[in-house]
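The values are calculated or read from the model by the stated rules, or taken from the named source; none is laboratory data. On a predicted model such as this, the values are computed, not experimentally measured, just so you know. Positions of Cβ are backbone-derived with ideal geometry, glycine not excepted, and every protein chain shown enters the neighbour counts. Protein only, heavy atoms only, side chains kept; ligands, DNA and RNA dropped before computing areas. Shrake-Rupley method; radii C 1.70, N 1.55, O 1.52, S 1.80 Å.
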Amino acid sequence: MSSPSIPPSLLLRASTSAPVAVNWRKHAARASVVAALAGDGGCAGSGMEQLRQGKASSSPVQEKPVMSNIGKSTNILWHDCPIGQPERQKLLGQKGCVIWITGLSGSGKSTVACALSRELHCRGHHTYVLDGDNLRHGLNRDLSFKAEDRTENIRRVGEVAKLFADAGTICIASLISPYRRDRDACRALVPDSRFIEVFMDLPLEICEARDPKGLYKLARTGKIKGFTGVDDPYESPVNSEIVIKLEEGECPSPKAMAMQVLLYLEQNGYLQA
Ligand SMILES: Nc1ncnc2c1ncn2[C@@H]1O[C@H](COP(=O)(O)OS(=O)(=O)O)[C@@H](OP(=O)(O)O)[C@H]1O
Ligand SMILES: Nc1ncnc2c1ncn2[C@@H]1O[C@H](COP(=O)(O)OP(=O)(O)O)[C@@H](O)[C@H]1O
């Protein structure tokens, strides 16, 4: 006797051999957990098959969900998936992480970000660049450059970068991020040393002399207010994993800067799962 509303594939056979309707969602969730525990992320066979083979109890335990209140979100529940960061990393052959490039406008953040992405890509690694300027064209278009909006800008990008790292991607975030507290908050979001801060330690005079967008000039003549380094603060990092600076008075080439970061990733095991 089968229920007309439940497809035959969703029916489990009881020991009497009579098909019985089951709470599919409950069983599927448990089967997924079993498959994940087996270490294959559930790829070697369907969770349902494992249930049939008796690898999971046929009487699923109903655990009481733990609801949370986070910020303005009340009664929310974290839902885990059997395919997690370790499985994705294995597939990609790398460790998901956040490379956070901070520095003044014109210090070379975007240049390093793109050069690094290119070098990694050419070696078979999966990267994604989150560029402050670019994100302000979309996700962060509602934010200005006043202090609290910069903080919100960094918070959002930190959360997005965290998702990319969780996806197994080497996420390269390139933003002025002038406040130490905001950068440290992003670091705290990403566990297990997966946050690598790169400080573009170039003197303001060099950044200003470059001025590729003409923004310093506008700031100096008062046409832009609150420009970082001119009439808005930049708090230099004190404990960055990587510092890029002048060597014998010269700025290293974009490739050399990218290789400095790449070497760090290699030496610290990020380029293997
Ligand atoms: N007032 C002011 N201060 C600093 N920068 C300004 C400002 N107004 C516009 N711009 C342009 O915006 C780019 C920086 O955006 P970010 O999102 O990285 O800034 S922040 O991290 O929120 O401080 C920055 O890009 P980069 O030059 O690539 O750093 C500037 O082109
Ligand atoms: N290593 C470098 N040597 C010489 N010029 C550089 C170097 N890195 C960046 N530049 C130049 O400096 C300017 C600012 O670089 P950019 O990457 O746009 O900085 P940011 O993203 O920090 O504003 C650009 O014109 C870029 O070509």
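The alpha carbons of the stretch 172-255 give a radius of gyration and a Dmax of 14.7, 45 Å, in that order. Note on the stretch 204-244: the C-alpha convex hull projects to 3.4 nm² when averaged across all orientations.
Surface calculation, 1.4 Å probe, protein heavy atoms: MET67 sits at approximately 100 Å² accessible.
When N is the residue count of the stretch 149-217, what does its C-alpha Rg come to as a fraction of 2.2 N^0.38 Å?
On the way: Rg = 14.1 Å, N = 69, 2.2 N^0.38 = 11.0 Å.
The reported ratio for this selection is 1.28.
Kirkwood analysis of the Cα pair distances in the stretch 111-154 returns a hydrodynamic radius of 11.9 Å.
Pairs of lysines in the stretch 123-226 whose Cα atoms sit within less than 17 Å of one another amount to 5, provided the residues are eight or more positions apart or on different chains. Label positions at ASN75 and LYS90, each projected 7 Å from the Cα along the C-beta direction, are separated by 3.8 nm.
Taking only the Cα atoms of the stretch 93-267, the ratio Rg/Rh comes out at 0.95, with Rh defined as the Kirkwood radius. I'd like the FRET efficiency for ARG156 and ASP192, computed as 1/(1 + (r/R0)^6) with the beta carbon distance as r and R0 of 22 Å, rounded to 0.05. With a Förster radius of 22 Å, E is 0.50.
For ASP149 and VAL61, what does the FRET efficiency come to when R0 = 35 Å and r is the distance between their Cβ atoms, rounded to the nearest 0.05?
Details: r = 47 Å, r/R0 = 1.35.
Computed FRET efficiency for ASP149 and VAL61: 0.15.
Close amide H contacts of VAL243 (hydrogens built in the peptide plane, cut-off under 5 Å, sequence separation of 5 or more or a different chain): PHE199. The trypsin sites (Lys or Arg not before Pro) of the stretch 155-257 that meet both conditions, a loop assignment by DSSP and at most 15 other Cβ atoms within 10 Å of the site Cβ, are LYS213, LYS223, LYS225. What residues of the stretch 73-91 lie in the reach of a label at ALA167, counting those whose backbone N is under 14 Å from a point 7 Å from the Cα along Cα→Cβ? Label zone hits: 85, 88-89.
Of all beta bridges DSSP finds with both residues in the stretch 93-267, what is the antiparallel percent, to the nearest 5? DSSP beta bridges in the stretch 93-267 are roughly 5 percent antiparallel. Rg ratio for the stretch 212-273: its Cα radius of gyration over 2.2 N^0.38 Å, N being its residue count, equals 1.60.
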